[in-house]
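Take a look at the structure set out below.
Bear in mind that the values in this text are calculations on the coordinates, not laboratory data. Just so you know, these numbers come straight off a predicted model, no measurement behind them. We place every Cβ from the backbone using ideal geometry, glycine too, and count neighbours over all the protein chains shown.
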Amino acid sequence: MKKITFVSGCVGALVSIYSIVRWSFVYEDLSQMCFGLGLGVTILAFSYIYEWMKLKDEEIKNLSYRVDSIVYPPSKE
C-alpha cells in the first residue's frame with residue numbers, strides 16, 4: 001500500500017467519523033451529516049481507485065517487460 005493511499009484513506013475515515021459525531025450528537029443536523037458522510041466516502045473511494053490503478057500499472061509494466069523479453073531476446077555474443 002502506498003503512503004498517499006493510506007493517508008487519504010485515513011482522512012476519508014476521519015471525515016466520516018467526525019461528521020457523524022458532530023452532526024448527529026452535537027448539533028443534530030441530518031443534512032450536514034449526510035454531506036460529510038458523502039465527502040468522506042468519496043475520499044475513500046478515490047483512494048481505493050488510486051491504489052487499484054497503481055497496481056494495474058505495475059501489472060502492465062511487468063507484462064510489457066515479459067513480452068519485450070520474448071520478442072527481443074538478449075543477444076548471445
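Applying the criterion of being within 30 Å of E58 (Cβ to Cβ) and without any contact (Cβ under 8 Å) to a residue 12 or more places away in the chain to the residues of the range 7-26, the residue that is surrounded by the most Cβ atoms within 10 Å (Cβ to Cβ) is C10.
Could you list, in sequence order, all residues of the range 26-57 that are closer than 18 Å to L14 by Cβ and polar (S, T, N, Q)? Result: Q32, T42, S47.
Restricting attention to the range 30-77 and to residues that are of a type in the set (K, R) and under 23 Å from F6 (Cβ atoms), the residue that is farthest from the chain's Cα centre (by Cα) turns out to be K61.
Quick check on my filter: what residues within the range 42-58 are β-branched (V, I, T) and surrounded by 12 or more Cβ atoms within 10 Å (Cβ to Cβ)? Even if it seems obvious, please write down each step before you answer.
So in the range 42-58, the residues β-branched (V, I, T) come out as 42-43, 49.
Once the filter is applied, which keeps residues that are β-branched (V, I, T) and surrounded by 12 or more Cβ atoms within 10 Å (Cβ to Cβ), the range 42-58 yields T42, I43.
Return a yes/no flag: does the range 27-35 have any residue that is in a helix (DSSP H, G or I), surrounded by 12 or more Cβ atoms within 10 Å (Cβ to Cβ) and touching a helix residue (DSSP H, G or I) at 6+ places or on another chain (Cβ under 7 Å). So far as the range 27-35 goes, yes, one or more of its residues are in a helix (DSSP H, G or I), surrounded by 12 or more Cβ atoms within 10 Å (Cβ to Cβ) and touching a helix residue (DSSP H, G or I) at 6+ places or on another chain (Cβ under 7 Å).
With the condition kept exactly as written, say whether any residue in the range 1-20 is more than 17 Å from the chain's Cα centre (by Cα) and in a loop (DSSP other than H, G, I, E, B). Looking through the range 1-20, none of the residues is more than 17 Å from the chain's Cα centre (by Cα) and in a loop (DSSP other than H, G, I, E, B).
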